[in-house]
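Contents: one structure, followed by commentary.
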Amino acid sequence: MESIVKYNTLTSLLMEKLEKSINGKNIKIYIGSGLENEINSSMEKYMKNVSFVSYALKQLYKKKINSISSFKYFLRDGEASKSTKYFNIIVRKLISMEIERNNSISYIGGGTLGDLIGYSASVYKRGIHLIGVPTTLLAQVDSSIGGKNAINFMNLKNAIGTFYSPDVVFDDVDFLVESDPTILRDGIAEAIKMALVRDGSFFDYFLRNNIDSVHNAESLEHIISRSIKIKLDVVSEDFYDTKKIRYLLNFGHSIGHALESYTGNRIPHGTAVANGMVLESYIAYKSGFSQPFHDIIRAAVSAYGIPLIDFRDIETDQLLSYIKNDKKVEGGKLNMVMLNGLGSAEIGEIEFSQLRRYINIYRDSL
């Protein structure tokens with residue numbers, strides 16, 4: 001991995017550039033503030049570019065969005081946009097604009113928009129250049145990196161998807177420093193996940209801080225950089241998710257995705273994952289695999305204002321019905337991510353009868 005820090009003349013701040021070869025494709029990632037010049041330069045390389053932009057950004061970051069020089073098409077984002085309906089809208093727009101394979105498509109928005117546009121880019125004319133401008137911490141630390149793209153189907157999260165990486169990603173913290181802390185929390189949850197499965201010292205960083213102390217450009221750039229490096233290292237070892245190495249990045253997601261489906265996506269992704277990490281670590285402890293890490297994880301996520309779900313309000317068998325559609329289920333057993341230390345994890349198999357028992361025990365302990 002190459003890490004370059006260079007001077008950004010637009011903002012007089014330092015900018016970090018990461019490069020990594022993933023599945024034979026060299027991916028570039030820029031982290032900093034005021035990246036409009038770099039974004040425009042990248043888009044100009046492809047002759048023609050269309051940017052699909054989150055409608056929520058239109059007024060909130062009007063000046064910044066207007067300074068990006070590509071053609072813009074505004075879309076409402078959120079889980080409802082990850083659908084065949086919106087996919088059809090994207091493809092019709094690309095065809096009407098006569099976008100060719102050597103042109104590019106970009107997104108400026110959160111993770112759901114990134115998923116939708118990434119999936120569209122991967123299948124339109126069998127693949128077109130993709131540029132990512134993620135605007136939430138969740139998207140910057142996680143969903144914009146690694147090449148997974150998907151849309152939902154029949155209330156199943158990410159039921160239809162592809163593996164397809166962007167050429168370049170721009171993580172501009174200008175979109176974060178003025179954002180609502182409740183939005184930051186989604187990304188913090190995913191960053192804590194990265195730390196728990198691969199970097200104990202990074203987890204210590206989260207224990208020493210809280211949502212207020214990290215809500216600034218310098219701290220956010222630090223969190224983004226460390227999270228991305230972890231994800232790139234894991235993804236480079238198992239791009240297509242066939243060796244179970246990449247499963248590590250799904251810590252908290254088996255239960256987290258089930259919670260999202262159970263509640264009709266009324267629970268934010270980060271909240272669902274954070275609670276998934278707590279419960280999955282409790283299950284690992286009760287099954288004899290690990291130490292009781294759930295309490296320290298509960299304390300960590302609470303320090304960042306992430307709500308803890310009362311699982312007494314969750315019907316166990318209905319939750320399990322969603323977990324059974326998890327991609328990590330094989331032979332009727334769930335391959336669940338289990339911590340063997342704070343910064344280290346393995347994959348362990350668990351029967352659904354055990355899951356039911358330990359979830360109910362956890363519910364009763366609340």
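The values are calculated or read from the model by the stated rules, or taken from the named source; none is laboratory data. Quick caveat: nothing in here was measured; it's all calculated off a predicted structure. Backbone-built Cβ (ideal geometry, glycine too); neighbour counts: all protein chains shown. In case anyone asks, the SASA skips ligands and DNA or RNA and just uses the protein heavy atoms, side chains included. Shrake-Rupley method; radii C 1.70, N 1.55, O 1.52, S 1.80 Å.
All of (1) within 27 Å of residue 204 (Cβ to Cβ); (2) among the β-branched types (Val, Ile, Thr); (3) in a strand (DSSP E or B); (4) touching a Ser or Thr at 6+ places or on another chain (Cβ under 8 Å) hold for residue 350 with one exception: (1). Residue pairs whose Cβ atoms lie under 6 Å apart, sitting 6 or more positions apart in sequence or on different chains, and linking a residue in segment 39-63 that is assigned to a loop (DSSP other than H, G, I, E, B) to a partner that is open to solvent by 20 Å² or more (accessible area, probe 1.4 Å) and of a type in the set (Lys, Arg), are 55/76. Take residue 304 and decide whether it is within 30 Å of residue 180 (Cβ to Cβ), among the aromatic types (Phe, Trp, Tyr) and surrounded by 21 or more Cβ atoms within 10 Å (Cβ to Cβ). When the stated conditions are applied, residue 304 passes them.
So that you can scan it fast, the table gives a plain yes or no per residue for (1) more than 26 Å from residue 41 (Cβ to Cβ); (2) open to solvent by 10 Å² or more (accessible area, probe 1.4 Å); (3) more than 12 Å from the chain's Cα centre (by Cα); (4) at pLDDT 95 or above:
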| residue | (1), (2), (3), (4) |
| --- | --- |
| 87 | yes, yes, yes, yes |
| 93 | no, yes, yes, yes |
| 116 | no, no, yes, yes |
| 141 | no, no, no, yes |
| 176 | no, no, yes, yes |
| 183 | yes, yes, yes, no |
| 191 | yes, no, no, yes |
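Among all residues of segment 286-305, there is at least one that is in contact with a Lys or Arg (Cβ under 7 Å, 6 or more places away or on another chain) and in contact (Cβ under 8 Å) with a residue 40 or more places away in the chain. Screening 109, 147 for residues that are under 16 Å from the mean Cα position of the chain (by Cα) and surrounded by fewer than 24 Cβ atoms within 10 Å (Cβ to Cβ) leaves exactly one candidate, 147.
The rows are residues; the columns are (1) open to solvent by 10 Å² or more (accessible area, probe 1.4 Å); (2) part of a helix (DSSP H, G or I).
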| position | (1), (2) |
| --- | --- |
| 256 | no, yes |
| 264 | yes, no |
| 271 | yes, yes |
| 308 | yes, no |
| 318 | yes, yes |
| 322 | yes, yes |
| 354 | yes, yes |
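Hey, could you check segment 159-174 for residues that are surrounded by fewer than 23 Cβ atoms within 10 Å (Cβ to Cβ) and of a type outside the set (D, E, K, R) and say which is nearest to residue 62 (Cα to Cα)? Applying the filter and picking the extreme gives 164. Once segment 217-233 is narrowed to residues that are open to solvent by 40 Å² or more (accessible area, probe 1.4 Å) and without any contact (Cβ under 8 Å) to a residue 24 or more places away in the chain, the residue that is farthest from the chain's Cα centre (by Cα) is 218. Taking interchain pairs and intrachain pairs at least six residues apart, which have beta carbon atoms under 9 angstrom, with the first residue in segment 308-336 and without any contact (Cβ under 8 Å) to a residue 24 or more places away in the chain and the second assigned to a strand (DSSP E or B) and open to solvent by 10 Å² or more (accessible area, probe 1.4 Å)? Every condition considered, the pairs that remain are 330/349; 331/349; 332/351; 333/349; 333/351.
Of all residue pairs spaced 6 or more apart or on separate chains, those with beta-carbon atoms under 6 Å, a first member in segment 70-97 that is within 27 Å of residue 267 (Cβ to Cβ) and a second member that is part of a loop (DSSP other than H, G, I, E, B) are 74/55; 76/55; 77/110; 79/265. On the stretch given as segment 234-254, residues that are polar (S, T, N, Q) and open to solvent by 40 Å² or more (accessible area, probe 1.4 Å) total 2. Within segment 23-35, the residues that satisfy the criterion of being open to solvent by less than 70 Å² (accessible area, probe 1.4 Å) and either among the aliphatic types (A, V, I, L, M) or without any contact (Cβ under 8 Å) to a residue 40 or more places away in the chain (or both) are 27, 29, 31, 35. Of all the listed residues (244, 231), the sole one being modelled with pLDDT of 95 or more and not small (Gly, Ala, Ser) is 231. The C-beta contact set for segment 200-212 (first residue of a type in the set (Gly, Ala, Ser), second residue open to solvent by less than 70 Å² (accessible area, probe 1.4 Å), distance under 9 angstrom, 6+ apart or interchain) comprises 200/341; 200/342; 200/343; 200/344; 201/195; 201/343.
Restricting attention to segment 36-58, the residues that are in contact with a Phe, Trp or Tyr (Cβ under 6 Å, 6 or more places away or on another chain), surrounded by 17 or more Cβ atoms within 10 Å (Cβ to Cβ) and of a type outside the set (D, E, K, R) total 4.
Quick one: in segment 327-349, of everything that is among the basic types (Lys, Arg) and closer than 16 Å to residue 249 by Cβ, which residue is most open to solvent (accessible area, probe 1.4 Å)? By that ranking, first place goes to 327.
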